[in-house]
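The next block holds one structure in the form of structure tokens; read it before the comments.
Bear in mind that the values in this text are calculations on the coordinates, not laboratory data. From a predicted model like this one, the values you see are computed outputs, not experimental measurements. All Cβ positions, even for glycine, are placed from backbone atoms using ideal geometry, and neighbour counts span all protein chains on display.
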Amino acid sequence: EMSSSSEEEEEEEEEQEEPKVSEFKKRKMTIQEVRRSLPVYPFRHSLLAAIEEHQVLIIEGETGSGKTTQIPQYLMEHGYCQDGQKIGCTQPRRVAAMSVAARVAEEMGKKLGNEVGYSIRFEDCTSERTKVKYMTDGMLLREFLVDPSLAGYSVMMIDEAHERTLHTDILFGLLKDIIRFRPELKLLVSSATLDSAKFSDFFDEAPIFRIPGRRYPVHIYYTRSPEANYIDAAAVTVLQIHITQHLGDVLVFLTGQEEIEACQEILTERVKGLGSKIRELLILPIYANLPSDMQAKIFEPTPPGARKVILATNIAETSLTIDGISYVIDPGYAKQNYFNARSGMESLVVNPISRASANQRAGRAGRVGPGKCFRLYTQWAFENEMEENTIPEIQRVNLGNVVLQLKSLGIHDLINFDYLDPPPAETLILALEQLYALKALNHKGELTSTGRKMAEIPVDPMMARMILAADQHKVVEEILTIAAMLSVNGAIFYRPKDKAIHADAARKNFFHPDGDHLTLMNVYNEWAGAEYSPQWCYEVFIQHRSMKRARDIRDQLVGLMERVEVQLSTNPGDSIAIRKAITTGYFYHVARFSKGGMYKTAKKSQTVMMHPQSCLTEDLPRWVVYHELVMTTKEYMRNVVVIDGKWLLEVAPHYYKDNEVHDTTNKKMPKVKGKAKEELHVE
Ligand code: ADP
Ligand code: MG
């Protein structure tokens, strides 16, 4: 470990007696004053000296100490950008990469995209002049394909390393290799928590530079009994804080856009009900798909006398620092991807967080002064039900994508790759099997020409395979539209509570009898027919910004087709061709109707259900391909198309046997009346 003392540190300690909050209140600090007030500032010289001296440095510091926004700037100011070389900084989250780049551009007084830029999937906001580049860890992994020695960079900072995302973990192994033959490349690994020793061990005892944080005590409150509805409980707690507690902003952790919108609605209504009896309460959401101008709102200072409540996903746990938070409300959940190697199924699950996460969340309340954290779970649950640490992603997600990328980087021995924590062997084997079934690898495990093309397309292997298959079926335009719509990740349909009936009716107009993929295609094509009009979206309850994103993604995919030798072709009326292309990519995601409204997955016979939002709920088809599984109370298939079981022998004869797709019954499918129900009314 490294000592990081300096005279400035002592000054800093004296300063610390006066909480920073009062300083903020006294006057508005200039942006440069804010920079100088950050905990990392007094250490900039010793930090730069340590970087000069060591090729690899682990940097540890509390969230908000200025690691992400300041260190790349110090490096640039110190001359690390000579001869057009860049400073790279990875972020596990898209929103963080964008928001931090915007902030740094502002601090430097430059236009975003020039000297400071960001690169995220489907969006490159950099230029020839870019010196400081923020990017998602996934994008850096993609850059390896084009520039395997990262020659364009003088420094690479792997930020938020403690998040242990799959891509960050893989980057560790790749970078460890590169620094051996690029001795002038500096590698910084920065993290908010105590995993530094582990990173240091991995990088051959690299020194650890600790930035002492300012942290005030946070009082923790628990509920006496578990909360049945944590969204409602969170809203109630916000109002209780607002009515009974001193001023100071509130941060609520929820699991995603839907929960955030639900909570926002409850709060807005109750605040309206209270009228002028209470102080102003500003309710601000932050999640990945929120447009960036609205994301920026969370950083605006709270007006005097008012209180801000931020409804956030996990992104506010460590990736983004919002100043002025005194109260944290933590329901104790997060959405995570889980892959079950035995069933071969991956699904998005709302899961209890770990104790380490809970403590990070609580810490958000203690940055500007003493704070309070309201945990909406019992102390018993915290102590007995939560895991100590979050399981690193590499040990719980599908590895298909990463294996394909490593293979295309020429890394063949995946078992002996240098992992910080190795993935389970069965998950690796399954990924290899899947890639073989998708024809990305041959029987020797080598990349095929199909596999090489798949690796070029920045989507997961099944989607990449679907896109390539569209070429054979001459429906490339249609499949790219579908791929883009599926990749949007945000809601396409808008359903305000007070206009739910109208919204549902509007949605039904887009329904395609063959399934949700085609329904999505209908929406896109009609929007395109309406000249991409926002007004059109508004009238038919479609979210315009999701559509804009779909269009951007689609444009990017279209631009990539030449590189993978795919000719654009179109045949919007050929539903069979479109669905065969989908099936060629997603034959792993096949389910067949079982009974009582349930489906069984084709190979492993896992029970899954049609998602209630699917357009197929009224007439459940026998065979379907689903895009993904989401786990709520049950395992739901989201985005589903009807297929013919026999197609499986055609598109995946190496995977399906004749008897597996043979229908044992010739009975007509039962018709369901009304919405998807547990009980089917058989005609
Ligand atoms: P760390 O990476 O150590 O968690 P950051 O560099 O992200 O710290 O944040 C340092 C400070 O920069 C924050 O406390 C906040 O004051 C400011 N900051 C960061 N991002 C923004 C933003 N988008 N808008 C306004 N201020 C920001
Ligand atoms: Mg940071």
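Quickly work out the Ile391-to-Leu568 label distance, labels modelled 7 Å from Cα along the C-beta direction, and quote it in nm with one decimal.
About 4.4 nm separates the two model spin labels.
With a point put 7 Å past each Cα toward its Cβ, work out how far Lys595 is from Ile31 in nm, to one decimal.
Going from the Lys595 label point to the Ile31 one covers 6.7 nm.
Under 15 Å from the Cβ of Ala528, count the other residues' Cβ atoms, weight Lys and Arg +1, Asp and Glu -1, and hand me the total.
Net of charged neighbours comes to -2.
Measure nothing fancy, just the Cα-based angle from helix 544-560's long axis to the longest principal axis of the chain, in degrees from 0 to 90, nearest 10.
Orientation of helix 544-560: about 80 degrees from the principal axis.
Treat the count of other C-beta atoms within 10 Å as a stand-in for reagent exposure and order Glu346, Glu478, Glu184 from fewest to most.
Glu184, Glu346, Glu478
Using Cα atoms only, what is the angle between the long axis of helix 137-146 and the major principal axis of the chain, expressed in degrees (0 to 90) to the nearest 10?
70
Given the pairs Lys604/Lys634; Lys133/Lys407; Lys497/Lys600, which span a C-alpha to C-alpha distance of over 28 angstrom in this model?
Lys497/Lys600
Is any residue of the stretch 427-455 close enough, with backbone N under 11 Å, to a label point placed 7 angstrom from the Cα of Lys604 along the Cα-Cβ axis, and if so, which?
What the label zone holds, given the 11 Å backbone N cut-off, is 427, 430.
How long is the gain from Ser127 to Arg452 if the chain were fully straight, where each residue apart is worth 0.36 nm and the alpha carbon distance is subtracted?
The Ser127-Arg452 span can extend by a further 114.3 nm.
Using label points projected 7 Å from each Cα along Cα→Cβ, tell me how many nm separate Lys198 and Arg224, to one decimal.
Inter-label distance under the simple model: 3.8 nm.
How much length is gained if the chain between Arg355 and Gln245 is pulled fully straight, taking 0.36 nm per residue apart and subtracting their Cα-Cα distance, in nm to one decimal?
So the chain would gain 37.0 nm between Arg355 and Gln245.
What residues of the stretch 174-198 lie in the reach of a label at Asp418, counting those whose backbone N is under 16 Å from a point 7 Å from the Cα along Cα→Cβ?
Residues passing the 16 Å test: 174-189, 198.
Evaluate E = 1/(1 + (r/R0)^6) for Lys548 and Ala49, where r is the Cβ-Cβ distance and R0 equals 45 Å; express this FRET efficiency to the nearest 0.05.
It comes to 0.45.
By what distance, in whole Å, do the Cα atoms of the chain stretch along each of the three principal axes, largest value first?
Rounded to whole Å, the extents work out to 83, 66, 52 Å.
List the residues, sorted by chain then number, that are 5 or more residues from Glu628 or on another chain and whose placed amide H is less than 5 Å from its amide H.
Arg638
Considering only C-alpha atoms, what is the centroid distance from the stretch 76-107 to the stretch 390-413, in Å?
Each part's Cα centre sits 26 Å from the other's.
How would Arg364, Arg36, Arg563, Arg622 line up from fewest to most surrounding beta-carbon atoms within 10 angstrom?
Ordered from fewest to most neighbouring Cβ atoms within 10 Å, Arg364, Arg36, Arg563, Arg622 come out as Arg563, Arg36, Arg622, Arg364.
Multiply the residue separation of Gln82 and Met631 by 0.36 nm, subtract the distance between their alpha-carbon atoms, and state the gained length in nm to one decimal.
192.6 nm
Give me His45, His589 sorted ascending by neighbouring Cβ count inside 10 Å, so fewest comes first.
Listed from fewest to most nearby Cβ atoms, that is His45, His589.
On a 0 to 90 degree scale, rounded to 10, what angle separates helix 425-437 from the longest Cα axis of the chain?
So the inclination is approximately 50 degrees.
Which net charge results when you count Lys and Arg as +1 and Asp and Glu as -1 among the other residues whose beta-carbon is under 13 Å from that of Asn509?
Cβ neighbours under 13 Å give a net charge of -1.
Whole-Hz Karplus ³J(HN,Hα) for the stretch 37-51, in order, using 6.51 cos²θ - 1.76 cosθ + 1.60 and θ = phi - 60°, x for Gly and Pro?
With the stated coefficients, the stretch 37-51 comes to 8, 6, x, 6, 4, x, 9, 4, 5, 5, 5, 4, 5, 5, 5 Hz.
Give me the percent of DSSP beta bridges within the chain that run antiparallel, rounded to the nearest 5.
35
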